[in-house]
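Asker: One structure, pasted below without further comment.
Quick note: the coordinates plus some simple rules give every number you see, no bench work behind them. Since this is a predicted model, take the numbers as computed values, not measurements. Don't worry about glycine lacking a Cβ; one is built from the backbone with ideal geometry, like all the others, and counts go over all protein chains shown.
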Protein chains: 2
Amino acid sequence: MSGFLEASVELIGDKMMFEGKAGDFPPVITDYIPPLGEGKGYMPLQLFLISFASCTGGSIAPFLRRMGKHVAGLTISAKGVRREQHPTGFESITLDIRLVSDDVTDEDLKKVLTMAEETYCPVWAMIKNNVKVSTTYEIIAEAL
Amino acid sequence: MSGFLEASVELIGDKMMFEGKAGDFPPVITDYIPPLGEGKGYMPLQLFLISFASCTGGSIAPFLRRMGKHVAGLTISAKGVRREQHPTGFESITLDIRLVSDDVTDEDLKKVLTMAEETYCPVWAMIKNNVKVSTTYEIIAEAL
């Protein structure tokens, strides 16, 4: 476990576009919708949703596998409702989880979701008490 | 102001790699360091730092400009110290701000930073009381 992590962003141009970098990965461009920005990159809040959804997924998949279950597919859609007044962060986020598996039960999925929320998803922990998070899920049989 | 935002992630392969998407932007790959993952994409917490830094920068630059100041360059490096126990989110984050300008004063920068923290940066608001955030800054003269 690395004890700390770094990332940086650099302003590009005359509006609000930034080039974000961490590690050796391809840069991520952030921007805002016009007229504030030029709409040429992820809004920081969209990037936040990807961070949160992948963090949750990164708890769900390995724990199901450790329980001996087969994860044939996993998609998480995150929908955030923004506050109407500044700061316009999310007042609530829904994670819609779509899992493809022949042997994962509702109970299995509920169990790992609780583990993600309470213990293993760092992003979830960092927004606790500030953002209401709810989840829905669907377990789909594997294709023959 | 869009009232809600969406993003989705899809599991790729047998470990913890996800392909993240929002809007029409190029996908962002997330992953974890080995052995949990394959180290082929941003860790979700690195993506979180990019989201937070660009959100802060997106408050600073336009407000300085509205004050009639010239922003010739702006880089924000975010360093997060992780908790040693699960959930291993950040217990503290430092934002190191490097601004290139001939007319922005310390007071100007402090003022917009306070505005970002208290009102205009949504990511900052969502981690309030859960993560300690500190800032350092340097104002560098524009090249002749």
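Asker: Any of A:Lys15/A:Lys128; A:Lys69/B:Lys128; A:Lys79/B:Lys111; A:Lys128/B:Lys79 with alpha carbons more than 30 Å apart? Name them for me.
Answerer: A:Lys15/A:Lys128; A:Lys69/B:Lys128; A:Lys79/B:Lys111
Asker: Give the separation of the Cα centroids, region A:46-87 to region A:101-130, in Å.
Answerer: With region A:46-87 and region A:101-130 each reduced to a Cα centre, they are spaced 9 Å.
Asker: If you don't mind, there's one more thing I want to ask. Treating only the Cβ of Lys, Arg, Asp and Glu as charged (+1, +1, -1, -1), what charge dipole size does the protein assembly as shown show about its Cα centre? Round to the nearest 20 debye.
Answerer: 440
Asker: Moving to a separate point now. Taking each label point as 7 Å beyond Cα in the direction of the beta carbon, state the distances from B:Gly68 to the same residue in the other copies, shortest first, in nm.
Answerer: Copy-to-copy label distances at B:Gly68, shortest first: 7.4 nm.
Asker: Let me know the charge dipole size of chain A about its Cα centre in debye, to the nearest 20, where only the beta-carbon of Lys, Arg (+1) and Asp, Glu (-1) is charged.
Answerer: Magnitude of the dipole: close to 220 debye.
Asker: Right, next: Near B:Lys21, which aspartates and glutamates are there with a Cα under 16 Å away, not counting those fewer than 8 places off in the same chain?
Answerer: Cross-link targets: A:Asp31, A:Asp96, B:Glu6, B:Glu10, B:Asp31.
Asker: Now, a different point. How long are the semi-axes of the equivalent ellipsoid of chain B, taking √(5λ) for every eigenvalue λ of the Cα gyration tensor, in whole Å from largest down? Could you put the intermediate results ahead of the total?
Answerer: Numbers: eigenvalues 199, 61, 48 Å².
With the √(5λ) rule applied to chain B, the semi-axes are 32, 17, 15 Å.
Asker: Turning to a different aspect of this structure: What residues have an amide H closer than 5 Å to that of B:Tyr137, excluding those fewer than 5 places away on the same chain, when H is modeled at 1.01 Å from N in the peptide plane?
Answerer: It is B:Ile97, by chain and number.
Asker: Related question: Using θ = phi - 60° and the Karplus curve 6.51 cos²θ - 1.76 cosθ + 1.60, what whole-Hz ³J(HN,Hα) does each residue of region B:101-118 get, with Gly and Pro shown as x?
Answerer: These are the phi-based 3J(HN,Hα) values: 6, 9, 10, 6, 9, 3, 5, 4, 5, 4, 5, 6, 5, 5, 4, 4, 5, 8 Hz.
Asker: Let me ask you something else. If you filter region B:41-144 for GluC sites (Glu not before Pro), then keep DSSP loop positions with at most 16 other Cβ within 10 Å, what is left?
Answerer: B:Glu84, B:Glu142
Asker: With a point put 7 Å past each Cα toward its Cβ, work out how far A:Asp103 is from B:Ala141 in nm, to one decimal.
Answerer: The two pseudo-label positions are separated by 7.0 nm.
Asker: Tell me what the protein assembly as shown gives for mean residue ellipticity at 222 nm when only DSSP H runs of n ≥ 4 count, each as -39,500 (n - 2.57), the sum divided by the residue total, rounded to 500 deg cm²/dmol. Intermediate results must be reported in sequence, preceding the final value.
Answerer: On the way: 6 runs with 76 residues, N = 288.
Helices in the protein assembly as shown give a 222 nm mean residue ellipticity of -8500 deg cm²/dmol.
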